[in-house]
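The values are calculated or read from the model by the stated rules, or taken from the named source; none is laboratory data. Since the structure is predicted, the reported quantities are computational estimates derived from the model, not experimental observations. Cβ coordinates were reconstructed from backbone atoms using ideal geometry, including for glycine residues, and neighbour counts include every protein chain displayed. The area values use the complete protein model at the heavy-atom level, side chains included, leaving out ligands, DNA and RNA. Shrake-Rupley method; radii C 1.70, N 1.55, O 1.52, S 1.80 Å.
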Amino acid sequence: DVYTKYVTAKDDKELPKIMYHRAKLAMIHNKFDTARPLLEELVTKFDGTVYAAWSSEMLVDLLTIRWIDKNNTTEQGIKASEDLEEWAGKLQKMKVWKHPEAEQIREAVPRLLQGIGWKKGMLYKDSGARYVKGEPDGDPEGFLKCRDQFVQVYNDYADHEKADTLLWNAAECSD
């Protein structure tokens, strides 16, 4: 903490290493709220370095853990989806994306984006179903959002392995 407080020069060779190990310790001990700002800073401030590549993997892992949490409400699930989607988009535009150590991220991100779209569609569908049942947290636009979400995933990923199911889900939500 003391080192990172006083040494902020981007060209300091020890700073990213120390920050990386702090973030790694936080992740090991499930202190995601501590790890996230460190990982985001490492990825952005030290873009293109091996520490940024390793940190990008941990950041995507952290965001994925939040995204798949079964205890999420619809709003929390949508927010977690948006966070993961936002960082997946950012990473693709950064130097770290082309780093040799970022191969796993390059393989995982497209599939994660497809999954995010699918899960958002299902969350919208569930929210619409709760509205029909008269539950207070239901969304009257849930089924329309569901339809639009599945169509968007289909259009964005025409080679999706379950493209026919995407269209089926969109039609079911329209019904």
Under 11 Å, Cβ to Cβ, from residue 149 - net charge with Lys/Arg +1 and Asp/Glu -1
+3
With residue 41 itself left out, Lys, Arg at +1 and Asp, Glu at -1 over residues whose Cβ is under 12 Å from its Cβ give +2
In Å³ and rounded to a whole number, note down the convex hull volume per residue for the Cα atoms of region 88-175.
100 Å³
Placing one identical point scatterer on every Cα of the chain and ignoring solvent, what is log10 I(q)/I(0) from the Debye formula at q = 0.09, 0.20 Å⁻¹?
-0.40, -1.22
Accessible area (Å², 1.4 Å probe, nearest 10) - residue 145:
80 Å²
Provide the gained length on full extension for the span residue 30 to residue 129, in nm with one decimal, where the gain is 0.36 nm per separating residue minus the Cα-Cα distance.
32.2 nm
Out of the total accessible area of region 20-97 (probe 1.4 Å, heavy atoms of protein only), what percent is carbon and sulfur?
53 percent
Rounded to the nearest 0.05, what FRET efficiency do residue 165 and residue 45 have when you use their Cβ-Cβ distance and R0 = 45 Å?
0.65
Got a number for the accessible area of residue 90? Probe 1.4 Å, square angstrom, nearest 10.
80 Å²
